[in-house]
Structure formats: C-alpha cells, structure tokens
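Contents: one structure, followed by commentary.
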Amino acid sequence: MTATNSVETDVSRFGALFAAAAAAGEAAQPLVAGGVIVAGMGGSGIAGRLAQALAERCGGLHVHAWSDYGLPAWADGSEQLIAISYSGNTAETLSGVERAIELDCKWEAITTGGRLAALAREHGARLITIEPGHQPRAALPLLLVPLLRRLPISGIAAQLAETGDVLGAAGAAGDGESPVGAATAASPDGDSGASGPVAIAVQLAGKLPFIYGAGGLATVAYRWRCQIAENAKQLAVHHALPELDHNEIVGWAAPPPNAVVVALREPDEPKAVATRWEATRAAAWRDVTVIECRARGESPLARWLSLVQLGDAVSVELARLNGVEPTPVAVIEELKRMLEE
Ligand code: F6R
C-alpha cells in the first residue's frame, strides 16, 4: 500500500489525527448489541485490541478482538462484527466478513476502500470510510475513534473528549524533549533521570527491550513492540503483569546481556499493582536498566493513548538511531504479494 504521509509525520501529528477523527465522527451513534467481535490484523487490529481492553476495564458491552482467519468457532450470528482493515484488502479480515455473511451475522466495516468497502456496498452493510494515504499503523487514531464511537463502552464520550485534550496538549511528539510522556530510567547502579522519546530511544538502541504493562497497558506494550519492529526494524518483547510473574519472571535468572525493561505504568495504580511492580523489580530486574514510563490523563483511554503516543515517538527516534526509514515495511508487502492479497 502506498503511503503519501510518512510515518514520522503522522507520529508527530498523533494528537492532531485524533482530533480530526473525533471532529469527523461527532454525529455517530453507538450500535445496539450485547457483544461485538472486532476483526483486524496488525496496525488495524490494534484498534480492536484497545477497544477490548477498554470494555474489560469500563464495562458496557462484551468486545472480543479477533486477529485470524474466519471468526471464533463460538460465533453464532448473535454478535455483531466490525471489520477493520485500513487497505480493505487483508485476507484474514475479509475471511471474517465472509464467515459473518454465512452466519447471517450483522456486520459493518471501517476502511479506506478495497475489497472490504466493495463487499459492504454490495451487502448494504454500514461502511465508515477513512482518509487514505497513511501507513495503517500510523492511522491508528483514524481507525480507533470511529470504532470507539460505535461501542457503548461506559463513559466513552467523556473519555474521547479528555483524550483529545491530553494528546493535543502534548504538542509534536518526536521532537525529542516534548512532554509526550513522563519516563524515568533507573540503571542497576541506581542513576535515574527524566527522559523524553529521544532519551528513551538512546537507551533502547542495540538492546532487546522487554516491554511490560498491567491491564490495558499490556495492549499498549504490544503496540510498542509492533512499532519498534515496524518503524525501527528492531525486535522487542512484551508481556503482561501480573501474568509474567507466573512464568516469564523465571527466565530473568539468565537474561540476554542486552536486555532492558520498559515498564508502562498508570498514576494512582491499585495498591496490589503498585506493590507487584516493586516486588517484581526487586526479584527479577536488580541487574537491569528499568525505564519507567508514566501515563498522563485521568481516563483509561487518555492514559493508554498517551503511552501509545510516547511509544510511537520512541520507535521513530529509534529508527533514526538504527539508520533505517520508519515508513517502509517491505517484507510485509512482499509477503502479501506472495499470498496474492
Ligand atoms: C502496516 C501495518 C500492518 C497492516 C496489516 C494489515 O503499516 O501496520 O500491520 O496494518 O498488514 O493491513 P490492513 O491494516 O490494511 O488491514
């Protein structure tokens, strides 16, 4: 897919893209359904994952994010499907729509066009078309806002409004020291200091970042991992607290020599979560640099997206340090050609 907007530009305009998407969808009404499956892959699929996490945290309806062919075997047509594909041509997402049609399941689409838009028009399904010309992963605000407007998650309107303020107030992400997030790095010898995206990227260059978050911030940790891979062309690992304390923590007995931990945290965490972070650090990360990033804002959505914004900016800075272009993802394009998508 040809992107006319570079990833760097879109990352620096993350708040502006969010504001534009919010303004465009003001009249949209939430759907009426007990359960929703949100199908999508990669940069489009992350919107469904964030929506699922938000519904888990706030309630309002059951959201299941799905990133695979077809639909889950339990889908019986009683749920509504929202298919999200930026290009509209992703095979897995299209096969989910085909399955929904077989099941006579109500479905709708969010896309720029492609086969998905054609199918929606053909079947009279609700279609939200969004602006073309971006890399799908860089268009996250454009995909996420119309999705969230359709989901009756508790308090969603107020969360969207606050998120716009929090992301907009941060200015241009990626300019190095702009306040897109608050981070503190503590090396094993105890040195620490506040860091912006550039300083975080410097600490991640040539390293293997292990990115961790609790609750919805585990999904944000996954976004960091994907953005570091796609933009900086560098591997990273992610996991969720508290689950990692029951398995991965044992592997920290012999970590790779270049391991760095990135801890994504909310202010005023529940005591159990805050205590667990400190205990995990003392038990497993005594000899490793831990970069702690604190979310901004009040609502879960604002907090999580403030750390998505920071992670996106970090990935672009890391690309610079790695001497690679953030925008192209040649191997994904090549694979899609091989599979004739
Ligand atoms: C590219 C990207 C990919 C795509 C994925 C699915 O920027 O992030 O992960 O999002 O290959 O394609 P779409 O989004 O067009 O359905």
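Annotation: residue 196 fulfils all but one of (1) over 19 Å from residue 303 (Cβ atoms); (2) modelled with pLDDT under 95; the unmet one is (1). Among the residues of segment 62-75, is any within 17 Å of the chain's Cα centre (by Cα) and among the β-branched types (Val, Ile, Thr)? Yes, some residue in segment 62-75 is within 17 Å of the chain's Cα centre (by Cα) and among the β-branched types (Val, Ile, Thr). Scanning segment 31-48 for residues that are in a loop (DSSP other than H, G, I, E, B) and either under 21 Å from residue 307 (Cβ atoms) or free of Cβ contacts under 8 Å to residues at least 24 places away in the same chain (or both) turns up just one, 40. Only one of the listed residues (128, 110, 46) is within 30 Å of residue 330 (Cα to Cα), out of contact with any Gly (no Cβ under 6 Å at 6 or more places or on another chain) and away from the ligand (no atom under 12 Å from the Cβ). That residue is 128.
Of all residues in segment 258-297, which are assigned to a helix (DSSP H, G or I) and in contact (Cβ under 8 Å) with a residue 40 or more places away in the chain? Scanning segment 258-297 gives 273, 276, 277.
So that you can scan it fast, the table gives a plain yes or no per residue for (1) within 16 Å of the ligand (Cβ to nearest atom); (2) over 18 Å from residue 289 (Cα atoms); (3) among the β-branched types (Val, Ile, Thr):
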residue: 202; (1), (2), (3): no, no, yes
residue: 206; (1), (2), (3): no, no, no
residue: 222; (1), (2), (3): yes, yes, no
residue: 227; (1), (2), (3): yes, yes, no
residue: 240; (1), (2), (3): no, yes, no
residue: 243; (1), (2), (3): no, yes, no
residue: 254; (1), (2), (3): no, no, no
residue: 257; (1), (2), (3): no, no, no
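For segment 131-152, residues that are buried (at least 20 other Cβ atoms within 10 Å of the Cβ), over 20 Å from residue 306 (Cβ atoms) and within 16 Å of the ligand (Cβ to nearest atom) total 4.
When 184, 111 are screened for being at pLDDT below 95, over 20 Å from residue 19 (Cβ atoms) and of a type in the set (Val, Ile, Thr), only 184 passes.
The requirement of being within 16 Å of the ligand (Cβ to nearest atom), outside any strand (DSSP E or B) and closer than 21 Å to residue 306 by Cβ is satisfied by residue 51.
Tallying residues that are in a helix (DSSP H, G or I) and either at pLDDT 95 or above or of a type in the set (Ser, Thr, Tyr) (or both) within segment 158-181 yields 10. The set of residues from segment 54-96 being of a type in the set (D, E, K, R) and within 16 Å of the ligand (Cβ to nearest atom) comprises 68, 92. Candidates in segment 91-107 are the residues that are farther than 20 Å from residue 34 by Cα and touching a strand residue (DSSP E or B) at 6+ places or on another chain (Cβ under 8 Å); of these, the one that is surrounded by the fewest Cβ atoms within 10 Å (Cβ to Cβ) is 92. Any residue at all in segment 275-297 that is acidic (Asp, Glu), at pLDDT 95 or above and crowded, with 20+ Cβ neighbours inside 10 Å? So far as segment 275-297 goes, no, none of its residues is acidic (Asp, Glu), at pLDDT 95 or above and crowded, with 20+ Cβ neighbours inside 10 Å. Considering segment 332-341, and only residues there that are part of a helix (DSSP H, G or I) and in contact with a helix residue (DSSP H, G or I) (Cβ under 9 Å, 6 or more places away or on another chain), the residue that is modelled with the lowest pLDDT turns out to be 336.
Condition first: part of a helix (DSSP H, G or I), surrounded by 14 or more Cβ atoms within 10 Å (Cβ to Cβ) and within 13 Å of the ligand (Cβ to nearest atom). Now tell me which residues in segment 307-331 satisfy that. Of everything in segment 307-331, those that are part of a helix (DSSP H, G or I), surrounded by 14 or more Cβ atoms within 10 Å (Cβ to Cβ) and within 13 Å of the ligand (Cβ to nearest atom) turn out to be 312, 315.
When the strands (runs of 3 or more DSSP E) confined to segment 192-241 are screened for residues that are crowded, with 20+ Cβ neighbours inside 10 Å, under 17 Å from the mean Cα position of the chain (by Cα) and β-branched (Val, Ile, Thr), those reaching at least 1 such residues are found at 208-214.
The values are calculated or read from the model by the stated rules, or taken from the named source; none is laboratory data. Not measured: the values here are computed from a predicted model. When we count neighbours, we look across all protein chains shown, and the Cβ atoms used for this are built from the backbone with ideal geometry, even at glycine.
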